[in-house]
Amino acid sequence: MFDSIVDFHLLTPTYRHIQMDTTNQQMNFQGSVLDDSANYDFYFQELPNQVIKVFSSDGTGVRDVTVSTNVVVEGLNANYHFGTDQAFLFHNSQGSISLAYPDLTGLLNEMDQLVWLEYRLVGNYGDGFKMIDQNEIVAGRPEFDLSREWLDQLARMDVEYTVAHVVSPLNQQMSSYNFSMDPIFAEWFTMLFTNEPDLHTALNVYDHTFTYELLKGGYSQEEAEIVNLVRIRAYDFIRRGEDEQRYAQKMRTAKVALADRLYIHQKLKTDPVLEEIFNQIAVYTGMTLQGHDLLSIEQDGTQLEIGLGVSEPLASGYPVFVYDLTTGDIYNDLMGGDLELLSTNVIQRDYGVEVGEYTPNLQIPADYQLNLELVAELIRE
């Protein structure tokens, strides 16, 4: 199955890949964590069958696999610590090959047992890049299922399917959904599918899909699939509307930025109180952790000051929101101290549709104290 240069992708939580040149027996690592294009020597080594644990590439969890083909990776430069004497190739259930590599991403830090990350073979460069089983992907094989979690959908974008496969107006997949079932869905359809939106509109709609989910208390399966279509469409415009020079300075593409934000939101779940505070801020401001970088978070007595925005190298400021632990009030910090109370949820303000009150998941204690270790993990340097 190997033909000269092959690509292995980790599909969750953030797009990363390992590229292997089987002709010259070299590999390199690329992605939002490693960003290392240096080449490393490798060779294959056949070992007796053994069972190892791998964290599945699609994010479904840890499973046992039987391996015998070991890959020994040796460094060619000072960054040789990316090398390993234990990486394994094995056949996966999709009829392709997977590479089990030690965790270089920090994804599995909290796991006690030794677990490898699964990178799946997705293509080769024999006569130009060719996706593995591309015809099956377009036809709608299981990985194409829109009912998957959004983090998983984003990870698969551009790897196993493209935007055109799911959001083309002529595509049967899209025509099977009833966007008019909800006035907000109908508005999103008009804004993203009927019209050609600008980057700002695409970002707003992307954020609103998460705030509306909070207001509704969750999406049904059909609603979730519609929302996934909306998010994929928004992602396409965000990706196409990004300033390449600006993102080059930040060393992040639009896709990596969105995936990083989803992962930060997952980390927040270790502190349910802080997660609830961010949920309430999202409902009233429309700025979610899934759609924005967390740029600052500080506590001053009973007030939390939270800065959210799209991080840019030359940005001189960003919106700061103040959450009062004693009253639950949320303020927009204007001009360094002039506070404006936010009392209407963003969906009602922006769409003029009464959607009811947000129901908190828990009561915020007035004596809550920030976990500074968690804050250090959440703030992206």
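Points worth noting:
- Considered as a group, the residues in the range 349-365 that are within 18 Å of residue 321 (Cβ to Cβ) and surrounded by fewer than 15 Cβ atoms within 10 Å (Cβ to Cβ) include one that is nearest to the chain's Cα centre (by Cα), and that residue is 360.
- Condition met for residue 279 (within 20 Å of the chain's Cα centre (by Cα), modelled with pLDDT of 95 or more and either over 22 Å from residue 361 (Cα atoms) or of a type outside the set (D, E, K, R) (or both)): yes
- Of all residues making up the range 321-347, the number that are surrounded by fewer than 15 Cβ atoms within 10 Å (Cβ to Cβ) and either without any contact (Cβ under 8 Å) to a residue 12 or more places away in the chain or among the polar types (S, T, N, Q) (or both): 10
- Single residue of the range 316-363 satisfying the filter (part of a loop (DSSP other than H, G, I, E, B) and aliphatic (A, V, I, L, M)) that is farthest from residue 269 (Cα to Cα): 335
- Of the strands (runs of 3 or more DSSP E) lying entirely inside the range 1-114, those carrying at least 1 residues that are at pLDDT below 80 and of a type outside the set (Asp, Glu) are 5-10, 16-21, 26-31, 36-55, 62-75.
- When 286, 352, 307, 317 are checked against the criterion of being in contact (Cβ under 8 Å) with a residue 40 or more places away in the chain and more than 30 Å from residue 9 (Cβ to Cβ), a single residue qualifies: 286.
- Residues of the range 153-163 that are modelled with pLDDT of 65 or more and buried (at least 20 other Cβ atoms within 10 Å of the Cβ): 153, 154, 155, 156, 157.
- Test for residue 166: is it modelled with pLDDT under 85 and not small (Gly, Ala, Ser): yes
- Taking the criterion of being under 13 Å from the mean Cα position of the chain (by Cα), of a type in the set (Val, Ile, Thr) and at pLDDT 80 or above, the only residue of the range 235-264 that qualifies is 264.
- Residue match in the range 202-213 (condition: over 23 Å from residue 359 (Cβ atoms) and not in a helix (DSSP H, G or I)): no
- Flag for residue 258 being touching a residue at least 40 places away in the same chain (Cβ under 8 Å), among the aliphatic types (A, V, I, L, M), crowded, with 23+ Cβ neighbours inside 10 Å and over 18 Å from residue 218 (Cα atoms): yes
- From the list 288, 270, the one residue that fits, being assigned to a loop (DSSP other than H, G, I, E, B), touching a helix residue (DSSP H, G or I) at 6+ places or on another chain (Cβ under 8 Å) and crowded, with 16+ Cβ neighbours inside 10 Å, is 288.
The values are calculated or read from the model by the stated rules, or taken from the named source; none is laboratory data. Note that this is a predicted model, so its numbers are computed, not measured. Please note: Cβ atoms are built from the backbone with ideal geometry, for glycine as well, and neighbour counts cover all protein chains shown.
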